[in-house]
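Contents: one structure, followed by commentary.
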Amino acid sequence: MPSLAEKQQQLIARFQLIEDAHERLTAIVARGKKWPGLTEDQRTEAHRVPGCTSRVWLAGRIENGRCHFQMDADSPLVKGLVALLCELYDGATATEIASVEPEIFPALHLDRQLSPTRLNGLASVRAMIRSFAQSHLAS
């Protein structure tokens, strides 16, 4: 299994193949539709990501020492972006998640295309993923 840093580079390389920025976002939205969503009973305030304009839910679990994430969002674009973060961190150890920051958005120039509000929301998702991992570091 590749390290989290290697996985991030693979994701960046995969999306860099799509040169057109609009097509890249379309591909990210399409991936979001394929990511495992949450059931209606998991879409609770406990799983809701604070600081997002769109409603976003994130649930994490540990299996065999690795973190796994499910998510859902009201907006297709936000769902795709959050799924990208979940895909990056899914299957990583809590230690890796706590220490590796996402470079994917600036590497794909998404930070230039997204509004400050969306970027702040993604930072909130990252904070929730990091918090989940840190709460399981001793486990």
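The values are calculated or read from the model by the stated rules, or taken from the named source; none is laboratory data. Source: prediction; values computed, not measured. With ideal geometry, Cβ positions are generated from the backbone for all residues, glycine too; neighbour counts draw on all protein chains shown. Side chains are part of the model used for accessible areas, which takes the heavy atoms of the whole protein and leaves out ligands, DNA and RNA. Shrake-Rupley method; radii C 1.70, N 1.55, O 1.52, S 1.80 Å.
Tabulated data
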item	result
Condition check for SER131: open to solvent by 40 Å² or more (accessible area, probe 1.4 Å), among the polar types (S, T, N, Q) and under 18 Å from HIS22 (Cβ atoms)	no
Residue list for the range 25-57, filter: within 18 Å of ALA127 (Cα to Cα), among the charged types (D, E, K, R) and out of contact with any strand residue (DSSP E or B) (no Cβ under 7 Å at 6 or more places or on another chain)	GLU45
Residue list for the range 92-139, filter: over 16 Å from VAL78 (Cα atoms), polar (S, T, N, Q) and part of a helix (DSSP H, G or I)	THR95, SER99, SER131, GLN134, SER135
Selection within the range 65-90 - touching a residue at least 60 places away in the same chain (Cβ under 8 Å) and of a type in the set (Asp, Glu)	GLU87
Elements of type helices (runs of 4 or more DSSP H) contained in the range 1-91, each with 1 or more residues being charged (D, E, K, R), open to solvent by 40 Å² or more (accessible area, probe 1.4 Å) and within 21 Å of THR117 (Cβ to Cβ)	76-89
